[in-house]
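The values are calculated or read from the model by the stated rules, or taken from the named source; none is laboratory data. Source: prediction; values computed, not measured. Every residue, glycine among them, receives a Cβ derived from its backbone with ideal geometry; neighbour counts consider all protein chains shown.
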C-alpha cells in the first residue's frame, strides 16, 4: 500500500521460495503420470498415463505396506490417546503418593533418544522372537517420545478444566474412572485431536524402528518400502512417483481440511 | 519438590486415591520402564562390553570409549554432524524469521503463501528426500536440465564431496522451515501493536522497527527454536539414508548413520552403544540448555 516497489519485491521473493516448496511435489505428481521413457524429458505428462497408478496399486507388496502404515499409525495413536489421557488425568487431578516423582520421571523420557535405546531393544525383541513382527513398531512409539509428550500435553489440558465439573459427579458417588471416562475425556476433545494429529504424523513418518525391526517386504511400512524402491528399480521413476504421490495425497487432503488443527498439532509437538 | 510431596501426604490422600492414581499411571509407567529406562541402563552396560550380535560378550570396561577417541570415522561422523547442524540451524532460523516477518501482516494471497510454505512439513521426510534425489539426478535431473538451458553444466550434486552435505542441508531446511516460521509468526503476533505505533511516530523504517522492536521481543522464541532445531539436526538420519547413504567417501556420514551402520551392518553392538552414548550426552546438554532458556522465558513474561 505504502510502497508498491517493495510490495512487488515481496511477492517475487515469496514466489521463489514457495515454488521451492510446492515445485518438487508438482514435479512428483507430473512424473507419476508420464510414460516410462519420458520421465526425464517432459515437463508436463503427454500423453497422461494413468496406468502408472493402476500398476502401483496392482502391486500387492505396495498395498500391504500402505495398509501396514495406516493400521500401525492408527493403533499407536489410539494407544497413546488412551494411556496418556489416563496418566495425564491422574497427574492433574488425583493426589497419590509419589505423584511428582513419577511425573518428573515420565517427563525425562522425552530426553531419551530412540537412537540410544534401539540396540538393547533390538536384542530384547530378538530374545522374545519379535523381530520381523509389528509388535515393536506399535509398542515402542506408544511408550516412547509420542507417549511421553501425550502425558505432558493431557496433564496441562486437564489442569485447566474447572474442578466444579467433576465435583458434582463425585458428590453423586461416581468413581474416579467414571469421572475420567464420562466427564473429563469428552471435555478434552480439543487436546485429544491435537495429540491425534501429532502422533499419527510422527508415526506415519517413523523410519528408524521399521528399518531395524522388519526384514520382509510384506511387513514393511511405507517409508522403508519407498526408500528401497529407489535401490532396486532405480529407473522406474514413473512408478516410484506414483507410489510417493499415493503416500502423500491423503495427508495433504487432511491438512487442507483441518489446517488449523494440523498446525496446532505440529507446533505443539515441537515446543514440548 | 520434597515439600510438595509431604504436603500431599498430609492433606491425606485417601487409600482409594492412591490406588486409583497408581492404576491410572501404571500402563505408561510400566511401558516406559520396560521400553525406555531399562534399555537406557542396559545400553550403558552393553557399551562396556565387546558384544558381537552372534557369539559371546566379554566385559572390557571403558575400552570402547577409548577406541572411539582414536577412531577416524567416528571423528569424521561427529564433525559431519556438527557441520550439518552449523549449516542447517542458522539457515533455517534466519529464513524462518525472514518468512515470518514477510507473512506477518495481511496482504492479498497471504493464506496461500503460508499454506504453501507449511506443505513440506506435512509431507513425509522420506518422500521429500526421494523426490529431491530425483530432481538432483546428475545428467537428466530437472535441476541440471534447467541449468543446462542457461548454459551451466550442473555438478553431480549428491555424488561429489563439496556439494553433497550442503545439498542435504538445503533440502532439510526446505522441509522444516515452515514449522519454525509458524512459531515465529505466533511470537511476532504477540508483540503489542502500540510498540509499532510508537516507533512509527518516531519515523522508524521497517528494518529499524524489526531490529529494535520485533527482534528483542521474540528473542526467547529464537533461542528456544534454535535449541529444538539443533537437537533435531544432531539426530539427522532419514534424509541421509535416502539421499547419500553417508557418501561420497563418508562426506555425509553423520553420527546416527554411523551408529546404525556399526550396530546393524557390522553387528558390533558394544561399540555402537558407546557411540550412541556420545550422542546421548550431546543431546542431554542441549536439553538442559533448553530448560534454562525456558526458565528465563517464563521470567520474561512475568
* To do: All but one of (1) modelled with pLDDT of 90 or more; (2) surrounded by 21 or more Cβ atoms within 10 Å (Cβ to Cβ) hold for residue B:250, so report the exception by its number.
  => (2)
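Okay, residues lined up against (1) more than 30 Å from residue B:267 (Cα to Cα); (2) surrounded by 14 or more Cβ atoms within 10 Å (Cβ to Cβ):
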{"site": "A:34", "(1), (2)": "yes, yes"}
{"site": "A:44", "(1), (2)": "yes, no"}
{"site": "A:58", "(1), (2)": "yes, no"}
{"site": "A:79", "(1), (2)": "yes, yes"}
{"site": "A:92", "(1), (2)": "yes, yes"}
{"site": "A:102", "(1), (2)": "yes, yes"}
{"site": "A:115", "(1), (2)": "no, yes"}
* To do: Looking only at the range A:115-126, decide whether some residue is more than 9 Å from every other protein chain (Cβ to nearest Cβ) and at pLDDT 95 or above.
  => yes
* Pull up the range A:1-43, narrow it to residues that are more than 10 Å from chain B (Cβ to nearest Cβ) and at pLDDT below 85, then point me to the one that is nearest to residue A:242 (Cα to Cα). => A:36
* Asked: Is it true that some residue in the range A:254-271 is within 12 Å of chain B (Cβ to nearest Cβ), at pLDDT 90 or above and buried (at least 22 other Cβ atoms within 10 Å of the Cβ)?
  -> no
* **Which numbered condition residue A:108 fails, given (1) buried (at least 19 other Cβ atoms within 10 Å of the Cβ); (2) within 13 Å of another protein chain (Cβ to nearest Cβ); (3) within 24 Å of the chain's Cα centre (by Cα); (4) closer than 28 Å to residue B:43 by Cβ** => (1)
* Unmet requirement for residue A:238, which otherwise passes all of (1) at the interface with chain B (Cβ under 9 Å from one of its Cβ atoms); (2) in contact (Cβ under 8 Å) with a residue 12 or more places away in the chain -> (1)
* Structure fact -> Counted residues in the range A:134-172 being in a loop (DSSP other than H, G, I, E, B), under 20 Å from the mean Cα position of the chain (by Cα) and either more than 9 Å from chain B (Cβ to nearest Cβ) or surrounded by fewer than 22 Cβ atoms within 10 Å (Cβ to Cβ) (or both) come to 1
* If you check residue B:269 against the conditions, is it at the interface with chain A (Cβ under 10 Å from one of its Cβ atoms), crowded, with 21+ Cβ neighbours inside 10 Å and within 22 Å of residue B:46 (Cα to Cα)? -> yes
* Asked: Of all residues in the range A:213-222, which are within 14 Å of chain B (Cβ to nearest Cβ) and surrounded by fewer than 21 Cβ atoms within 10 Å (Cβ to Cβ)?
  -> A:215
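One line per residue, one yes/no per condition, for (1) exposed (fewer than 15 other Cβ atoms within 10 Å of the Cβ); (2) farther than 30 Å from residue B:181 by Cα; (3) touching a helix residue (DSSP H, G or I) at 6+ places or on another chain (Cβ under 8 Å); (4) in the same structural domain as residue B:206 (by TED's automatic domain parsing):
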| residue | (1), (2), (3), (4) |
| --- | --- |
| B:27 | no, yes, yes, no |
| B:30 | yes, yes, no, no |
| B:38 | no, yes, yes, no |
| B:69 | yes, yes, no, yes |
| B:76 | no, yes, no, yes |
| B:95 | no, no, yes, yes |
| B:101 | no, no, yes, yes |
* Asked: Which is surrounded by 20 or more Cβ atoms within 10 Å (Cβ to Cβ) and either touching a strand residue (DSSP E or B) at 6+ places or on another chain (Cβ under 7 Å) or at pLDDT below 90 (or both), of B:217, B:224?
  -> B:224
* Would you mind finding the one in A:96, A:83 that is modelled with pLDDT under 95, at the interface with chain B (Cβ under 7 Å from one of its Cβ atoms) and touching a helix residue (DSSP H, G or I) at 6+ places or on another chain (Cβ under 7 Å)? => A:96
* Asked: Are any of the residues in the range A:203-210 surrounded by fewer than 22 Cβ atoms within 10 Å (Cβ to Cβ) and more than 7 Å from chain B (Cβ to nearest Cβ)?
  -> no
* Evaluate the following for residue B:117: is it closer than 26 Å to residue B:253 by Cα and not in a loop (DSSP other than H, G, I, E, B)? => no
* Structure fact -> For helices (runs of 4 or more DSSP H) lying entirely in the range B:186-260, having 3 or more residues that are in contact with a helix residue (DSSP H, G or I) (Cβ under 9 Å, 6 or more places away or on another chain), in the same structural domain as residue B:271 (by TED's automatic domain parsing) and farther than 29 Å from residue B:166 by Cα picks out B:193-201, B:206-209
* What are the residue pairs meeting all of these: first residue in the range A:160-174, first residue under 15 Å from residue A:190 (Cβ atoms), second residue outside any helix (DSSP H, G or I), Cβ atoms under 9 Å, and 6 or more apart or on different chains? -> A:161/A:188
* Out of B:290, B:212, B:205, which single residue is at pLDDT below 95, within 12 Å of chain A (Cβ to nearest Cβ) and surrounded by fewer than 15 Cβ atoms within 10 Å (Cβ to Cβ)? -> B:205
* To do: Mind telling me which of the residues B:225, B:244 ends up being within 13 Å of another protein chain (Cβ to nearest Cβ), within 30 Å of residue A:7 (Cβ to Cβ) and in contact (Cβ under 8 Å) with a residue 12 or more places away in the chain?
  => B:225
